[in-house]
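Each remark here refers to the structure printed beneath this line.
The values are calculated or read from the model by the stated rules, or taken from the named source; none is laboratory data. From a predicted model like this one, the values you see are computed outputs, not experimental measurements. Methodologically, a virtual Cβ is constructed for each residue, glycine included, from the backbone with ideal geometry; neighbour enumeration extends over all protein chains shown. The protein model used for the area step is the full one, side chains on, heavy atoms only, and it has no ligands, DNA or RNA in it. Shrake-Rupley method; radii C 1.70, N 1.55, O 1.52, S 1.80 Å.
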Amino acid sequence: MKEKSNVLWWLVGVYGVLFAVLAVNPVDRPTWFAENLTVWIILGVILLLYRWGVRFSGAAYALMFVLIY
């Protein structure tokens with residue numbers, strides 16, 4: 001039986017809020033964009049893997065979140 005975990009969606013929500021707050025008037029927009037592009041790629045891969053059925057533990061998602069932030 002698969003256990004449904006909402007950890008990934010909570011972390012994506014937290015990232016979304018932090019992203020929105022920090023996107024308001026950055027000091028150097030091109031640098032901000034370049035730094036966030038790598039995070040968007042990593043987040044996209046994680047969400048794509050989730051869609052394909054690859055699930056990680058809540059602790060693994062939390063550590064991935066710390067890595068990209």
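Figures for the structure shown
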| quantity | calculated |
| --- | --- |
| Förster radius 22 Å - calculated FRET efficiency between L67 and D28, Cβ distance, rounded to 0.05 | 0.40 |
| Dipole magnitude of the chain, debye to nearest 20 (Cβ charges: Lys/Arg +1, Asp/Glu -1, about Cα centre) | 300 debye |
| Correct choice for Rg and Dmax of the Cα atoms in Å that was computed from the model, options (i) 11.7, 36; (ii) 13.6, 49; (iii) 13.5, 45 | (ii) |
| Residue-normalised accessible area of the chain, given per residue in Å² at a 1.4 Å probe | 78 Å² |
| V17 versus W52: modelled label distance in nm, points set 7 Å from Cα along the beta carbon direction | 3.1 nm |
